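Undergrad: Got a structure for you, written out below as structure tokens; questions coming shortly.
The values are calculated or read from the model by the stated rules, or taken from the named source; none is laboratory data. This one's a predicted model, so the numbers in the text were calculated from it and none came from an experiment. Counting neighbours? That spans all protein chains shown, and the Cβs are built from the backbone with ideal geometry, glycine included.
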Amino acid sequence: MKREIRRACGHREVVTIYGPYKGREDALRREEEKVCTECFARAKAEDAARELVELEALFNLPSLEGSDKQIEWARRVRATRAKQALSFIKSRGVAVSVFVARDDVPLARALRVQSAKRWIESREIPDLVDWAAFMLS
Ligand SMILES: [Zn+2]
């Protein structure tokens with residue numbers, strides 16, 4: 001069943017309700033308590049942007065070099081890597097502030113690479129040690 005409803009954000013949206021006829025009114029009410037697809041996507045993008053800035057601040061990451069488009073992409077790649085690095089650092093019981101200041105740790109140095117192109121090229125290397133070696137090669 002398709003029905004146009006008013007979402008919690010005030011936008012109207014057509015929703016499709018499946019299942020037995022009996023539960024459909026409840027299902028519609030639950031849908032009305034949610035924000036629309038567009039508002040949900042915007043909130044998600046805002047969360048990701050906020051998290052990206054927080055990670056850059058936490059690791060004291062430098063600005064990147066490249067075209068605007070490369071930099072935008074590379075910052076997202078770098079944020080994903082910084083999150084991976086953060087789990088690793090926490091698992092070792094090291095404070096991030098101590099970690100970022102270490103010049104003898106390849107992972108810390110690799111996170112400071114400023115070439116957007118290099119970041120993009122490195123995006124699919126799963127292992128942190130392999131990744132750091134690639135970034136510093
Ligand atoms: Zn909306």
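Undergrad: Right, Arg7: within 12 Å of the ligand (Cβ to nearest atom) and either in the same structural domain as Ala108 (by TED's automatic domain parsing) or farther than 30 Å from Leu86 by Cβ (or both) or not?
TA: yes
Undergrad: Given the residues Ala95, Ala82, Ala101, which is the only one that is crowded, with 16+ Cβ neighbours inside 10 Å and not basic (Lys, Arg)?
TA: The unique qualifying residue is Ala82.
Undergrad: Looking only at residues in the range 10-25 that are more than 16 Å from the ligand (Cβ to nearest atom) and of a type in the set (Gly, Ala, Ser), which one is modelled with the lowest pLDDT?
TA: Gly19
Undergrad: Here's a follow-up. So the check is Cβ under 7 Å with 6+ separation or different chains; which pairs have a first residue in the range 6-21 that's assigned to a loop (DSSP other than H, G, I, E, B) and a second one that's within 10 Å of the ligand (Cβ to nearest atom) and modelled with pLDDT under 95?
TA: Pairs found: none.
Undergrad: Moving on to the next point. Condition check: loosely packed, with under 12 Cβ neighbours inside 10 Å and out of contact with any Cys (no Cβ under 9 Å at 6 or more places or on another chain). Does Ser122 satisfy that?
TA: No: the conditions fail for Ser122.
Undergrad: Looking at the range 122-137, I want the residues that are within 12 Å of Pro106 (Cβ to Cβ) and have a partner that is at pLDDT 95 or above and not in a helix (DSSP H, G or I) with Cβ atoms under 7 Å, at least 6 apart or on another chain. Which pairs are those?
TA: Listed pairs, sorted by first residue: Trp131/Ser122; Trp131/Ile125; Phe134/Ser122; Phe134/Ile125; Met135/Val113; Met135/Ser122.
Undergrad: Could you grab the pairs with beta carbons closer than 9 Å, sequence gap of 6+ or different chains, first residue in the range 33-59 and surrounded by 13 or more Cβ atoms within 10 Å (Cβ to Cβ), second one among the charged types (D, E, K, R) and not in a helix (DSSP H, G or I)?
TA: Taking only residues 6 or more apart or on different chains, the pairs are Lys34/Arg7; Val35/Arg7; Cys36/Arg7; Cys36/Arg12; Cys36/Glu13; Cys39/Arg7; Phe40/Lys34; Phe59/Arg112.
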